[in-house]
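Novice: Here it is, the structure in full.
The values are calculated or read from the model by the stated rules, or taken from the named source; none is laboratory data. All values derive from a computational prediction rather than experimental measurement. Cβ placement follows ideal geometry from the backbone for every residue including glycine, while neighbour counts extend to all protein chains displayed.
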Amino acid sequence: MAVFFQSLISGILIGGVYALIGIGLTIIFGVMRVINFAHGDLLMVGMYLTYFLFRLLHIDPFVSIIVTIPLMFLYGAFLQKFFINRVLDALPQNQILLTIGLGLVMSNTVMLAFTSDYRILTTAYSSSSLRLLGLSISVPLLISFTITLVITAVLYWFLYRTDTGQAIRATAQDRSAAQLMGINVKRMSIIAFGLGAALAGTAGALISPTYYIYPQVGSVFTLKAFVITVLGGMGSIVGATLGGVLIGVVESVGGVYVGSGWKDVVVFIVFLLVLLFKPSGLLGTSKD
Amino acid sequence: MRSFMHNMRGASVFPILLTVAGATALFLLPNFVESTYALHIMILIFISVIMGTGWNILGGYTGQYSVGHAAYFGIGAYTTLILMQYHQVAPWYGVWAGVVVAVAIALVVGSICFRLRGPYFVLASIAVAEIFRVTALNLRLTNGAEGILITDIPPFKIGNAVVTDFMSKVPFYYIGLVILIFAIIVTWMVQNSKLGYYFQAIREDQDAAHSLGINLTTYKNAALAISVVFTSMAGSLYGLYVGFIDPSTVLALDLSVHIVMICIIGGIGTIWGPAIGAVILVPFSEALRSNMIAQALIDSGIISENSRIGAFLKDQLSHAHVLIYGILLVIVILYMPDGILGFARKLLAKRRKEAA
Amino acid sequence: MAILEIKHVSKFFGGLAANSNVSFEMAQGMIMGLIGPNGAGKTTLFNCITGYYPPSQGDVIFDGHRMNGLHPDAVCKLGMARTWQKVRPLAKMSVVDNVMVGALCRTNSLKVAREMAIERIKIVGLENRAKVLAGSLPIGERKKLEVARVLATQPKLLLLDEVMGGLNPTESEEIIQLILDIKEIGITQMVIEHDMKAIMRISDRIVVLSSGEKLAEGNPQEIVSNKAVVDAYLGGD
């Protein structure tokens, strides 16, 4: 039983980061109906940013998100303005391929610049843990989870309480209606992709003390992001939040009980089942 | 008027003549080319054309963008190699066994996933391929992450006469060429049949196609089955030729993307698009990979080996082939969404208009 | 004998009834006009009849077959074809190829299909545009292409969903003539149309839908003098 609670708590903690990844992807999908295959690569860029800020300027990874967030936002906005915006009316397939291409460019540019060596960002607290009620809680995971909570709260406030946030949600709900109401849809798309990139980058920063950092790390997270958003219902922010935590727990608990080798098979089978039978997500209301 | 008539008739005969001449040249090529490296590149091109042509039937003609075709490439490769290595089944049967297994699995997958459309279908195709990759990583049958290394291929005999012992690259060259021609002919036949019309109708508008009497699931599955025959054959050929397969090469998401890219860059929904894509991508990436381009730049004196750029290129350019893929993909999607073939056709049409 | 019988058809979306308890019959060779204010459930009824989705309650009987739950492709093969309110050209295929897709419903031979297609293209008057890509046609010609394409499936019953929508008066007049020509060939038609003058001219009978229910049925004279219909239309605006 202790093992169960131990893996449950680790799952929830890592699930917070997954939620950030999922929310980013779901905002981008919601506003533009584009599935961003470069999402994991954005996370990877965030990891490298954090790594070099730490290495060269000795900025603590959890502090460095103050720099990472705006930088990644600008980077995402740039990608949207000069690339994605140009294919918004193209076939969904071509949009997907464009983001795949951008992802390849990102991961391979990083590889050329910094080689494909695995890097580790070791802080003083990287392997320290707290003991609580007989459970051991990793300090970096706990800090990252706390930051995740704050960011998620700010994000919800932004999306539900500010004019821009509401405009983004309106665009996500009905693009043409939003346009008729005078919302600048292109601008909202730029903000949405910027937000998505910032969230992915932040997730990258938050996991950099506990993960290997290498150019191809993105593809793992791109797939995870898909699973999370589909479980939560594509475009649903609340769904992505819960989906992230759920996947964190499933991975962590499943790794213990199913064996780490097969757990991904289980995750993808669940993913397929949801796509097929509940395309609106686990929480979504079915339309039939 | 006369020249117009001439053009019209030439238009139908000329491509056939060109194709026959090209095929003949390719058949004779090994007699004149000694370099095994050149043959190696040709075989890799053939494999890419075969899998691209296979994907093109489903993705290009029918509009069902599978980004999980590595699954069928891998299933073909694994079936053939497992049968040969552990059960002494000769590969010329094993290839067909691979086709049967791959098509059977594809039809199950298709019956489940074809109800999804657009981006949802893409995601499902990826999930299916990932399930196969992780399964192959974990099964003893597939030897997990270690993969399968084949020791030697039994000689191919007709009666008692040994046709080939697979000791050189030449037999692989001819097998590849024959499958390739087969794939091109099948594509041509599909394009000029009811199937081709129905596939394209589905690509253009599923609801309209449905209301015109087209059973969507049946025809999508037909496209998938034809597609998977060639993808699986390409996988078997690859496994036999390279002699080693593991989940991270023959079942990888990268491979699925590579298959799509060949078609997109060449031009989807056309007979020759995948061939053009492969002819451009494969030698280019091989040249980069083997550092030929960096060496050529240095040899030609454009860049000094001792300069910083020269040293960097020499060390790093061989890793850049995927980067170039990515850049090509972005350029093609933004500037020539119909691929190089479509782009060339547009240019030609424009020229003709200006001339007229 | 009636070629089409609609018996107590209802269609619910969630709790909302898009059609409730609609019944009427169509005789062989007639033109039935289907009218009603926006949101009256006309297109929903089309979709129920043509198998786009099954009715929640009631039966659709076509040519002796109970149609409930049949998919659109099977419906088409039985001889019932529909056009779409928002035209759906197969954009990257030529006009003749579009119509051939329809014809291939009845033959496996491309040669036969091409002959059938060219014949239908002549009926709608697009013979000069046969080799043009469908996606590059203007709206008027797209509507005609749509009709040629369904004609090629050799239907017994044709359901036309606002084929005059968005057309100028000349084009509308051409479509009216086309519908009358199709009647001459002996094909039964059900027509949804907003243009009242046109519908009164071409229809043998008219069914009026309002809020998903059948409000009235009769010949054009009866409909124009029906008080409930007049109220629904004036009230609807």
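Novice: Got at least one residue in the range B:51-64 being buried (at least 24 other Cβ atoms within 10 Å of the Cβ), under 18 Å from B:Tyr174 (Cα atoms) and either in contact with a helix residue (DSSP H, G or I) (Cβ under 6 Å, 6 or more places away or on another chain) or at pLDDT 90 or above (or both)?
Specialist: Within the range B:51-64, one or more residues are buried (at least 24 other Cβ atoms within 10 Å of the Cβ), under 18 Å from B:Tyr174 (Cα atoms) and either in contact with a helix residue (DSSP H, G or I) (Cβ under 6 Å, 6 or more places away or on another chain) or at pLDDT 90 or above (or both).
Novice: From B:Leu44, B:Leu26, B:Leu17, which residue is surrounded by 10 or more Cβ atoms within 10 Å (Cβ to Cβ), of a type in the set (A, V, I, L, M), more than 30 Å from B:Arg289 (Cβ to Cβ) and at pLDDT 80 or above?
Specialist: B:Leu17
Novice: Shifting gears a bit: Enumerate the pairs (first residue in the range B:316-343 and outside any helix (DSSP H, G or I); second residue anywhere and modelled with pLDDT under 80) with beta-carbon separation below 8 Å, excluding pairs fewer than 6 apart on the same chain, so at least 6 apart or on different chains.
Specialist: B:Ala320/B:Leu288
Novice: So A:Pro61 fits all but one of (1) without any contact (Cβ under 8 Å) to a residue 60 or more places away in the chain; (2) in contact with a helix residue (DSSP H, G or I) (Cβ under 6 Å, 6 or more places away or on another chain); what number is the exception?
Specialist: (1)
Listed here are the residues, each with its yes/no results for (1) part of a helix (DSSP H, G or I); (2) within 24 Å of C:Ile176 (Cβ to Cβ); (3) at the interface with chain B (Cβ under 8 Å from one of its Cβ atoms).
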{"position": "C:Lys111", "(1), (2), (3)": "yes, no, no"}
{"position": "C:Glu119", "(1), (2), (3)": "yes, yes, no"}
{"position": "C:Leu145", "(1), (2), (3)": "yes, yes, no"}
{"position": "C:Arg149", "(1), (2), (3)": "yes, yes, yes"}
{"position": "C:Leu160", "(1), (2), (3)": "no, yes, no"}
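Novice: Modelled with pLDDT under 85 and either within 25 Å of A:Thr241 (Cα to Cα) or among the hydrophobic types (A, V, I, L, M, F, W, C) (or both): which single residue out of A:Leu104, A:Leu195, A:Leu199, A:Leu135 fits that description?
Specialist: A:Leu135
Novice: Same structure, new question: Select the strands (runs of 3 or more DSSP E) contained entirely in the range C:6-94, then report the ones holding at least 3 residues which are within 14 Å of chain B (Cβ to nearest Cβ), under 13 Å from the mean Cα position of the chain (by Cα) and within 23 Å of B:Thr217 (Cβ to Cβ).
Specialist: Ranges flagged: C:80-82.
Novice: Can you say whether B:Tyr86 is closer than 21 Å to B:Gly147 by Cα, among the aromatic types (Phe, Trp, Tyr), away from chain A (no Cβ under 14 Å) and in contact (Cβ under 8 Å) with a residue 40 or more places away in the chain, as far as the supplied structure shows?
Specialist: No, not satisfied.
Novice: Report, by residue number, each residue of the range C:48-90 that is touching a residue at least 24 places away in the same chain (Cβ under 8 Å) and under 25 Å from C:Gly140 (Cα atoms).
Specialist: Within the range C:48-90, C:Thr50, C:Cys76, C:Met80, C:Ala81, C:Arg82, C:Thr83, C:Trp84, C:Gln85, C:Val87, C:Arg88, C:Pro89, C:Leu90 qualify.
Novice: Something else about it: Which of the residues belonging to the range B:172-211 are buried (at least 21 other Cβ atoms within 10 Å of the Cβ), among the hydrophobic types (A, V, I, L, M, F, W, C) and out of contact with any helix residue (DSSP H, G or I) (no Cβ under 6 Å at 6 or more places or on another chain)?
Specialist: Across the range B:172-211, the qualifying residues are B:Ile175, B:Ala208.
Novice: Please specify each residue of the range C:169-220 satisfying the condition of being under 15 Å from the mean Cα position of the chain (by Cα) and part of a strand (DSSP E or B).
Specialist: The answer is C:Thr188, C:Gln189, C:Met190, C:Val191, C:Ile192, C:Arg205, C:Ile206, C:Val207.
Novice: Just checking, does the range A:116-124 include any residue being in contact (Cβ under 8 Å) with a residue 60 or more places away in the chain and within 11 Å of another protein chain (Cβ to nearest Cβ)?
Specialist: yes
Novice: I'd like the residue in the range B:110-123 that is assigned to a helix (DSSP H, G or I) and touching a residue at least 40 places away in the same chain (Cβ under 8 Å) and, out of all such residues, is farthest from the other protein chains (Cβ to nearest Cβ).
Specialist: B:Gly110
Novice: Could you list, in sequence order, the residues of the range B:243-290 that are on the phi > 0 side of the Ramachandran plot and either away from every other protein chain (no Cβ under 14 Å) or assigned to a helix (DSSP H, G or I) (or both)?
Specialist: Within the range B:243-290, just B:Gly243 meets the criteria.
Novice: Filter the range B:212-224 down to the residues that are in contact (Cβ under 8 Å) with a residue 60 or more places away in the chain and more than 14 Å from B:Ala71 (Cβ to Cβ), then identify the one that is surrounded by the most Cβ atoms within 10 Å (Cβ to Cβ).
Specialist: That would be B:Ala223.
Novice: Might you check whether a residue that is over 20 Å from the mean Cα position of the chain (by Cα) and within 12 Å of chain C (Cβ to nearest Cβ) occurs anywhere in the range B:219-230?
Specialist: yes
Novice: Here's another thing I want to ask about it. Kindly list, by first and then second residue, each pair from a residue in the range B:176-205 that is on the phi > 0 side of the Ramachandran plot and within 12 Å of chain C (Cβ to nearest Cβ) to a residue that is surrounded by fewer than 24 Cβ atoms within 10 Å (Cβ to Cβ) and in a helix (DSSP H, G or I), limited to pairs with Cβ atoms under 7 Å and residues at least 6 apart or on different chains.
Specialist: Close Cβ pairs satisfying both conditions: none exist.
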